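Asks: Here it is, the structure in full.
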Amino acid sequence: MNTQMNLFSPVQLGAYTLPNRIIMAPMTRLRADDTVPTALMGIYYAQRADAGLIVTECTMVSPLSKGYMNCPGIYSSEQVEGWKQVTQAVHDAGGRIFLQLWHSGRVAHSSLLDGETPVAPSAIAGEGQLHTPVGKVALETPRALEIDEISEIIEQFHQGAKNARSAGFDGVELHGAFGYLIDQFLQDGSNQRNDKYGGTVENRARFLLEVVEAVTQVWGGDRVGIKLSPSNTFYGMKDSDPKATFSYVIEMLNPFNLAYLHLMEPNEQDLATREVLHPVLPIFRSIYSGTIVTNGGYTQESGNAVLAENMAEAVSFGRLFLANPDLVKRFQVNAVLNEANPRTFYGQGAKDAENGYTDYPFLADLKV
């Protein structure tokens, strides 16, 4: 046990020396103006610039990757310009920010895609519902991607990585978790292809590894992270042997020398749905040779404990950062934390301005 390491210890994360190990986790907030980031989003992220690293909300690499209304993209010049004001605000506040690159795959609906059918590795519908322009609807059965379309999507990730550089980001995180497209290829519950992208774990991991290769060509490995969720059950995700599947993938990530591997522990919903890998970190810690960021409902106390046990190098916080823009400061002085309001987690685009977004009070504002 390393009792000297804690959340306030500096850490080398890829190309960057972070002042602390408190990472702002990516969180869907849906405050874009249609798909274009706004100045208000810049305020939101800059408020939280004391984090060792900020990872943005999931960001679309193409129009066909739209899973939610008012989610931002990174495939148009307008979106790049919108993100520039966000990165500038964060950098002016002394922070570092990675863009999370994302394709929703089957977690979409034709009403979000101008009538197009959602795409996936196989024509297997996910479980659950989405809010769309026509109301709350069940996930549709997607169509299986053709081989040439897969290479086009890999190129979209590549271009998204280039656009992220143009927008001033410090790096990117690949969203390989939570039942979206990369995860859909990886797990055999959603991938039943019989070509080079399906069947064996080597084939099912091919898409993920080719996307990593494409993105690291732009940034180098030391400015790229990837998020994986071995125990996620969102949208009906499952695998016949998750330990073997994710062990293979994580081992194959080692040669890329990535900035970090972002590993998600199961949440209450996952644990209640079925038996899943729990906890995740002890299973995969010895397989991965690089930096691990862990996420799983941590408090300051449990975050310090997992670092002291050398199970991870940094801890990401979601809801706590959502409700506490000055979370780092509050941790430092052991202050009371603001409570998050779930009713305002997801906005209605640019029109839903400060409500539960940029108006959570700072500690200084609470002093009499």
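Asks: Looking only at region 346-359, decide whether some residue is closer than 30 Å to Asn257 by Cα and either at pLDDT below 95 or not hydrophobic (A, V, I, L, M, F, W, C) (or both).
Replies: No, region 346-359 contains no residue that is closer than 30 Å to Asn257 by Cα and either at pLDDT below 95 or not hydrophobic (A, V, I, L, M, F, W, C) (or both).
Asks: A further question on this structure: Please pick out the residue among Gln192, Gln184, Gln159 that is more than 17 Å from Val215 (Cα to Cα), out of contact with any Pro (no Cβ under 7 Å at 6 or more places or on another chain) and modelled with pLDDT of 95 or more.
Replies: Checking each option against the conditions leaves just Gln192.
Asks: Turning to a different aspect of this structure: Starting from residues that are out of contact with any helix residue (DSSP H, G or I) (no Cβ under 6 Å at 6 or more places or on another chain) and under 30 Å from Pro121 (Cβ atoms), keep the ones in region 72-105 and report whichever is surrounded by the most Cβ atoms within 10 Å (Cβ to Cβ).
Replies: Of everything passing the filter in region 72-105, Trp102 is surrounded by the most Cβ atoms within 10 Å (Cβ to Cβ).
Asks: Can you tell me which residue among Ala340, Ala272, Ala305, Ala259 is of a type outside the set (D, E, K, R) and either in contact with a His (Cβ under 6 Å, 6 or more places away or on another chain) or open to solvent by less than 10 Å² (accessible area, probe 1.4 Å) (or both)?
Replies: Ala259 is the lone residue from the list that is of a type outside the set (D, E, K, R) and either in contact with a His (Cβ under 6 Å, 6 or more places away or on another chain) or open to solvent by less than 10 Å² (accessible area, probe 1.4 Å) (or both).
Asks: Kindly check whether there is at least one residue in region 349-359 that is part of a strand (DSSP E or B) and open to solvent by less than 40 Å² (accessible area, probe 1.4 Å).
Replies: Within region 349-359 (the criterion being part of a strand (DSSP E or B) and open to solvent by less than 40 Å² (accessible area, probe 1.4 Å)), the answer is no, since none of the residues qualifies.
Asks: I've got another one for you. I'd like the residue in region 127-153 that is in contact with a strand residue (DSSP E or B) (Cβ under 8 Å, 6 or more places away or on another chain) and assigned to a loop (DSSP other than H, G, I, E, B) and, out of all such residues, is most open to solvent (accessible area, probe 1.4 Å).
Replies: Top of the filtered list is Gly128.
Asks: Let me ask something additional. Of everything in region 232-245, what is assigned to a helix (DSSP H, G or I), under 17 Å from the mean Cα position of the chain (by Cα) and at pLDDT 95 or above? Give them in sequence order.
Replies: The one that is assigned to a helix (DSSP H, G or I), under 17 Å from the mean Cα position of the chain (by Cα) and at pLDDT 95 or above: Tyr235.
Asks: Can I ask one more? Considering each residue of region 154-176, count those that are of a type in the set (Asp, Glu) and open to solvent by less than 60 Å² (accessible area, probe 1.4 Å), and give that number.
Replies: Residues meeting the conditions: 2.
Asks: In region 178-226, which residues are under 13 Å from Ile154 (Cα atoms) and open to solvent by 30 Å² or more (accessible area, probe 1.4 Å)?
Replies: Once the filter is applied, which keeps residues that are under 13 Å from Ile154 (Cα atoms) and open to solvent by 30 Å² or more (accessible area, probe 1.4 Å), region 178-226 yields Arg206, Glu210, Glu213, Gln217.
Asks: Any idea which residue in region 106-121 is surrounded by the most Cβ atoms within 10 Å (Cβ to Cβ), counting only those that are small (Gly, Ala, Ser) and in contact with a Pro (Cβ under 8 Å, 6 or more places away or on another chain)?
Replies: Ala108
Asks: For region 203-218, which residues satisfy the criterion of being among the aliphatic types (A, V, I, L, M), assigned to a helix (DSSP H, G or I) and closer than 12 Å to Phe185 by Cβ?
Replies: Within region 203-218, Leu208, Leu209, Val211 meet the criteria.
Asks: Residues of region 1-15 being in contact with a Gly (Cβ under 8 Å, 6 or more places away or on another chain) and either closer than 26 Å to Asp359 by Cα or crowded, with 17+ Cβ neighbours inside 10 Å (or both), which ones?
Replies: Once the filter is applied, which keeps residues that are in contact with a Gly (Cβ under 8 Å, 6 or more places away or on another chain) and either closer than 26 Å to Asp359 by Cα or crowded, with 17+ Cβ neighbours inside 10 Å (or both), region 1-15 yields Leu7, Val11, Leu13, Gly14.
The values are calculated or read from the model by the stated rules, or taken from the named source; none is laboratory data. Quick caveat: nothing in here was measured; it's all calculated off a predicted structure. Please note: Cβ atoms are built from the backbone with ideal geometry, for glycine as well, and neighbour counts cover all protein chains shown. Ligands, DNA and RNA are stripped out before the accessible areas are found, and what is left, the full protein with its side chains, is counted by its heavy atoms. Shrake-Rupley method; radii C 1.70, N 1.55, O 1.52, S 1.80 Å.
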